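Here the structure comes first, spelled out in structure tokens, and everything after it is commentary.
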Amino acid sequence: QVQLVESGGGLAQAGGSLRLSCEASGRTFSSYAMGWFRQAPGKARECVAAISRGGSGTWYADSVKGRFTISRDNAKNTVYLQMNSLKREDTAVYYCAATLRDGVHAYASGYDYWGQGTQVTVSS
């Protein structure tokens, strides 16, 4: 079992940056592959980035490629999402998720544990 707590959301201007953090507690963090998802009002939850257990494998949605970077610090039990060049369409609740299956997973069904989410709002 792992508990996930996101932080770092808030209000940003278009073109600005935010860094989200997700701290895990419970079972050994390095046992989990991680993902960042987002859900905007009226839209389905979508994966924006994923990272393997050791961090060597990453995946990005086309909509964020080149702007967002996922990373992890297994010593700090934390996964990060650096978001640069933010756009209004990045506005959503962002969730981190964990799975014991290694690799990178781009679908919600691939994850077993979820955080409560953090709101990101981008204004023009």
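The values are calculated or read from the model by the stated rules, or taken from the named source; none is laboratory data. Treat the numbers as computed from the prediction; the structure is a model and nothing was measured. Virtual Cβ from ideal backbone geometry, glycine too; neighbours counted across all protein chains shown. Protein only, heavy atoms only, side chains kept; ligands, DNA and RNA dropped before computing areas. Shrake-Rupley method; radii C 1.70, N 1.55, O 1.52, S 1.80 Å.
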Inset, instruction - Restrict the check to segment 17-25 and report whether at least one residue is more than 21 Å from Thr121 (Cα to Cα) and open to solvent by less than 70 Å² (accessible area, probe 1.4 Å). - result: yes
Inset, instruction - Could you check Thr121 against (1) in contact with a Leu (Cβ under 6 Å, 6 or more places away or on another chain); (2) in contact (Cβ under 8 Å) with a residue 40 or more places away in the chain; (3) buried (at least 18 other Cβ atoms within 10 Å of the Cβ) and say which number it fails? - result: (3)
Legend entry - Check on Ala97, open to solvent by less than 40 Å² (accessible area, probe 1.4 Å), over 17 Å from Arg19 (Cα atoms) and either assigned to a strand (DSSP E or B) or touching a residue at least 24 places away in the same chain (Cβ under 8 Å) (or both): no
Inset, instruction - Look at Ser56 and say whether it is part of a loop (DSSP other than H, G, I, E, B), under 14 Å from Val122 (Cβ atoms) and open to solvent by 30 Å² or more (accessible area, probe 1.4 Å). - result: no
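This table checks each residue for (1) modelled with pLDDT under 95; (2) open to solvent by 10 Å² or more (accessible area, probe 1.4 Å); (3) more than 24 Å from Gln1 (Cα to Cα).
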position	(1), (2), (3)
Arg38	no, yes, no
Pro41	yes, yes, yes
Ala49	no, no, no
Val64	no, no, yes
Arg72	no, yes, no
Glu89	no, yes, yes
Ala92	no, no, yes
